[in-house]
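> Below: one structure in structure tokens.
The values are calculated or read from the model by the stated rules, or taken from the named source; none is laboratory data. Being a predicted model, the structure only gives us computed values, none of them experimental. We place every Cβ from the backbone using ideal geometry, glycine too, and count neighbours over all the protein chains shown. The accessibility values were calculated without ligands, DNA or RNA, using every heavy atom of the protein model including side chains. Shrake-Rupley method; radii C 1.70, N 1.55, O 1.52, S 1.80 Å.
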Amino acid sequence: MPPALAESSTLPYSPVEVASRFGTPTYVYDAATLRARARSLTGRGATIRYAQKANNNTAVLALLRAEGVVVDAVTAGEIHRALAAGHEPADVVYTADVFDRDAVEALHRHGCPVNAGSPNMLAQLADAGLEHLPVTLRLNPGFGHGHSRKVNTGGTSSKHGIWHEQLEAVLTQATSLGLSRVRGLHMHIGSGSDFAHLHHVCDAMVAAAEAWKAAGGHELEVISAGGGLPIPYRKGEDEPLDLDRFFEAWTEARDRVCAIVGREVELEVEPGRYLAAEAGSLVAEVRGTKTQGEGDDAVDYLLIDAGFNDLLRPAMYGAYHHLEVFAADGRELTRERDYVVAGPLCESCDVFTQGDEGVVQSRRLPVPEPGDLLVIHDAGAYGAAMASRYNGRRLTAEAMVIDGELHEIRAREPIDEQLRYEHIPDQLQ
Ligand SMILES: Cc1ncc(COP(=O)(O)O)c(C=O)c1O
């Protein structure tokens, strides 16, 4: 008998079908949601550059390319992924604070533009004979913002970007190094933003344009704004995003920059999670429940086959993800209980319901049986992209719903693959 279809009001697929076809845990992305998010940004007079660190599966990169979205890349590996997905080298901006040797080689081969986040990178570009590449400068505006201290992207406690007060010196350095196409400014707004903060960043960009003009010697052709487009992880609670206001603020900043430098300046926005997060969910299997303690102090645990190696955000940031339980056999789930939801890893923090400081929290959920399924919502960004093999786990399978059909876009990694590059020296045999 075919498995019963477990219906969800929000999911565009059956978790039971996902589990039976691909096993668990499996990430599933909805092509229609990815397209809808892309289309909500394009056609507003800005280049949309997807920060692929959020989700660098090549199927996702190919879908976004078809929507007219270009990409960034933090490593040679991400350049490779973008090109494999059909992006043109000129459309892939290598953006980093550290220029490693793999990246030097990739830039030699493909000639991608660079977004430099450290003064040393400019000298290293010149040393590598890459003075001709188009360069933007990632500035640290001196203040930051983020949904957690760990993602704060500005101020002295952030390693990111060139300190804003060093801009003129760095432009002078670029001239003396012979960098011929230093052409733009980038600032990261911080992930999950508010408008007071956004205006602050826009003003910092305008101030940087003044410093650029004062330094002379390089044409400012583009300003680029990273992040700053949050998604509502807590449905019905998080403030809805006002995209019109976001673009109005940046268009106005761009116009001010144009007036300062006396030429047309292109606007680029660089979201990651906004494009990918809501399109993805992680389907896991419930493997058991257990109770620690007795009486009023007792804590009920719901144990699933996904761990922080598959989805790190709760363990890393105390991030919240909406959870939903589905009966594998389609029966009605009538009872509820408060559960701490935990995974299989040998780490106490392998918990999907925890707060900022790692304090475990309970969540009211239907009482499942082993074999039922738990879906972790809004996991399309910083999910599979951050997955690891910790505890000898296999990298998770990924699937995509395209026109109502499920397609595998990454097979679950075979266990043997883990040993492929390891060697036991003869002396130890
Ligand atoms: C340079 C750059 N741009 C864009 C982003 C995207 O941020 P988010 O995924 O929050 O939109 C990041 C994230 O860290 C980043 O480092």
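> Is it fair to say LEU220 is over 19 Å from HIS160 (Cα atoms) and within 13 Å of the ligand (Cβ to nearest atom)?
Here the answer is no, as LEU220 does not meet what is asked.
> With respect to the numbered conditions (1) surrounded by fewer than 22 Cβ atoms within 10 Å (Cβ to Cβ); (2) within 16 Å of the ligand (Cβ to nearest atom), which one is the sole condition not fulfilled by ALA259?
Evaluating ALA259 over (1) surrounded by fewer than 22 Cβ atoms within 10 Å (Cβ to Cβ); (2) within 16 Å of the ligand (Cβ to nearest atom) leaves (2) as the failure.
> Taking VAL28 as the residue in question, decide whether it is assigned to a strand (DSSP E or B), touching a strand residue (DSSP E or B) at 6+ places or on another chain (Cβ under 6 Å) and within 19 Å of TYR94 (Cα to Cα).
No.
> Where the second residue is at pLDDT 95 or above and assigned to a helix (DSSP H, G or I) and the first is within 16 Å of the ligand (Cβ to nearest atom) and lies in segment 172-189, which pairs have Cβ atoms under 6 Å and are six or more apart or on separate chains?
Hits for this filter: LEU185/ALA208; MET187/MET205.
> Here's another thing I want to ask about it. Taking the conditions exactly as written (within 16 Å of the ligand (Cβ to nearest atom) and open to solvent by 40 Å² or more (accessible area, probe 1.4 Å)), does TYR320 satisfy them or not?
Taking the combined requirement at face value, the residue satisfies it.
> Could we say that ALA204 is in a helix (DSSP H, G or I) and in contact with an Asp or Glu (Cβ under 8 Å, 6 or more places away or on another chain) here?
no
> Can you tell me which residue is most open to solvent (accessible area, probe 1.4 Å) among those in segment 262-283 that are in a loop (DSSP other than H, G, I, E, B) and of a type outside the set (D, E, K, R)?
Here the residue is GLY262.
> If you check ILE231, ILE223, which single one turns out to be open to solvent by less than 20 Å² (accessible area, probe 1.4 Å), assigned to a loop (DSSP other than H, G, I, E, B) and more than 13 Å from LEU198 (Cα to Cα)?
That would be ILE231, the only listed residue that is open to solvent by less than 20 Å² (accessible area, probe 1.4 Å), assigned to a loop (DSSP other than H, G, I, E, B) and more than 13 Å from LEU198 (Cα to Cα).
> Sticking with this one: Residue under question is GLU294, and the condition is that it be within 16 Å of the ligand (Cβ to nearest atom) and not aliphatic (A, V, I, L, M); does it hold?
In short, no.
> Taking the criterion of being open to solvent by 30 Å² or more (accessible area, probe 1.4 Å) and among the charged types (D, E, K, R), would at least one residue in segment 90-100 satisfy it?
For segment 90-100, residues open to solvent by 30 Å² or more (accessible area, probe 1.4 Å) and among the charged types (D, E, K, R): present.
> THR172 - would you say it is assigned to a loop (DSSP other than H, G, I, E, B) and open to solvent by 40 Å² or more (accessible area, probe 1.4 Å)?
So THR172 fails the test.
> Same structure again: Looking only at segment 48-66, count every residue that is within 11 Å of the ligand (Cβ to nearest atom) and not small (Gly, Ala, Ser) and tell me the total.
5
> So, one more: When you go through (1) more than 16 Å from the ligand (Cβ to nearest atom); (2) surrounded by fewer than 19 Cβ atoms within 10 Å (Cβ to Cβ); (3) not in a loop (DSSP other than H, G, I, E, B) one by one for GLY236, which number turns out not to apply?
(3)
> Something else about it: Only one of these is closer than 23 Å to ASP30 by Cβ, out of contact with any helix residue (DSSP H, G or I) (no Cβ under 7 Å at 6 or more places or on another chain) and open to solvent by 40 Å² or more (accessible area, probe 1.4 Å): ARG410, ARG337, ARG364. Name it.
ARG410
> Condition (residue is surrounded by fewer than 20 Cβ atoms within 10 Å (Cβ to Cβ) and either over 18 Å from GLY307 (Cβ atoms) or among the charged types (D, E, K, R) (or both)) applied to segment 372-379: is it met by at least one residue?
no
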